[in-house]
Amino acid sequence: MGLGGRNAVVTGGASGIGRSIAVRLARDGADVAIIDVDLAGANEVAREVAAAGRRAVVAEADVASGTSVRAALDRVRTTLGPVHVLVNDAGIAGFVPLLQMTEEQWDRLIAVHLKGTFNCTRAVLPDMIDARWGRVVSIASVAGLNGGGPGLTHYAAAKAGIIGFTKALALEVAAFGVTVNAIAPGLIETPLLARSGMPREIRDRIVQQMPVQRIGTPDDIAAACAYLVSEEASFFTGQVMSPNGGGYL
């Protein structure tokens with residue numbers, strides 16, 4: 001959708017939804033930085049970005065650490081220049097009933113998802129304000145809208161927090177030509193889902209209840225993101241787009 005001359009950062013870009021978004025933005029003309037703790041996976045995605053004819057840079061960072069994020073973005077700016085597009089996709093998952101959940105499990109998930117979104121957005125926002133143009137898209141979840149289900153209190157809370165963050169920040173920065181939106185996917189086939197420990201019966205029940213009768217793909221989310229970061233979406237801010245197969249209306 002015409003991102004020539006734009007530099008994009010995708011956190012959690014080494015696999016799954018982040019990988020599909022990074023590749024899609026490159027095909028739409030952006031140069032792309034992949035920030036992840038998985039350097040091997042990030043380097044593979046960088047090769048896909050380069051194959052699309054765009055510049056790529058890989059930077060390692062734990063998004064829960066502001067210091068780590070700032071160091072990664074220094075590397076990005078040295079290679080690509082100012083950041084115009086940020087996709088906050090870094091995340092972890094796990095099913096833990098609240099009474100079995102440790103404080104450490106709660107803190108870590110909130111830190112990666114919600115604090116990570118804060119750290120990365122705060123670090124790139126000055127570039128966008130200076131350019132009087134910017135796009136922030138954060139990957140939330142339908143769990144942030146409907147609670148998700150048993151064992152997901154920490155995940156649902158973090159994703160709901162991202163939605164609130166998105167709406168509040170959209171009000172702050174609209175006057176600078178910066179839009180801020182969230183995508184709240186339904187069930188998507190990703191490595192993160194495979195590692196999450198979701199019981200098979202829950203997954204099957206979700207798919208059966210979807211009007212489209214299929215699990216989503218990372219490319220479904222990348223297509224939504226491509227629109228939100230485009231020039232065509234300049235009137236679209238503070239919104240939550242939820243590609244979920246009709247499972248949540």
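The numbers here are math on the coordinates, done by the rules we state, and not lab data. Quantities reported herein were computed from a predicted structural model and do not represent experimental measurements. Cβ atoms come from the backbone with ideal geometry, glycine included; neighbour counts cover every protein chain shown.
Taking trypsin sites (Lys or Arg not before Pro) across the range 180-224, the ones in a DSSP loop with at most 14 further Cβ atoms lying within 10 angstrom of their Cβ are Arg214.
With a Förster radius of 25 Å applied to the beta-carbon distance between Gln209 and Leu98, the computed FRET efficiency rounds to 0.55.
With the Cα gyration tensor of the range 41-85 giving a ≥ b ≥ c as the square roots of its eigenvalues, does the rule (a/c under 1.5 for rounded; else a/b larger than b/c for prolate; else oblate) give rounded, prolate or oblate? Because a/c hits 1.5 or more and a/b fails to exceed b/c, the range 41-85 counts as oblate.
Charge dipole (Cα centre; +1 on Lys/Arg Cβ, -1 on Asp/Glu Cβ; no other charges) of the range 7-241 amounts to roughly 140 debye. Subtracting the Cα-Cα distance of Thr217 and Ala51 from their residue separation scaled by 0.36 nm leaves 57.6 nm. Helical runs assigned H by DSSP (4 residues or longer) give the chain a calculated mean residue ellipticity at 222 nm of -14000 deg cm²/dmol, each run adding -39500 (n - 2.57) before division by the residue total. Stretching the chain fully between Tyr227 and Asn146 yields a gain of 26.7 nm (0.36 nm per residue, less the alpha carbon separation).
Working value for the chain: equivalent-ellipsoid semi-axes of 27, 19, 18 Å, each the square root of 5 times a Cα gyration tensor eigenvalue, largest first. Ranking Thr166, Ile34, Met101 by how far each Cα lies toward the positive end of the dipole of the range 7-241 (charges on Cβ) leaves Thr166 at the top. In a reduced charge model with +1 at each Lys and Arg Cβ and -1 at each Asp and Glu Cβ, the range 1-58 shows a dipole moment near 200 debye about its Cα centre.
Quick check: from the Cα gyration tensor, does the range 1-68 come out rounded (a/c under 1.5), prolate or oblate? It comes out prolate by the Cα gyration axes.
Spatial offset of the range 105-135 relative to the range 21-95 amounts to 13 Å, using the alpha carbon center of each.
For the chain, averaging the sequence separation of C-alpha pairs within contact (under 8 Å, six or more residues apart) and dividing by the residue count gives a relative contact order of 20 percent. Is the C-alpha gyration tensor of the range 172-230 telling us rounded, prolate or oblate? Criteria: a/c under 1.5 is rounded; beyond that, a/b larger than b/c is prolate, otherwise oblate. Cα axes put the range 172-230 in the prolate bin.
Quick check: residue separation of Asp107 and Asp74 times 0.36 nm, minus the Cα distance between them. What number comes out in nm?
On the way: separation 33, 0.36 × 33 = 11.88 nm, distance 2.69 nm.
Length gained between Asp107 and Asp74: 9.2 nm.
Say a paramagnetic label sat at a point 7 Å from the Cα of Leu249, along Cα to Cβ; which residues of the range 180-223 have their backbone N under 20 Å from it? Counting backbone N atoms under 20 Å from the label point, the list is 184-187, 205-216.
Seen against the Cα atoms of the chain and their longest principal axis, helix 200-209 is set at about 80 degrees.
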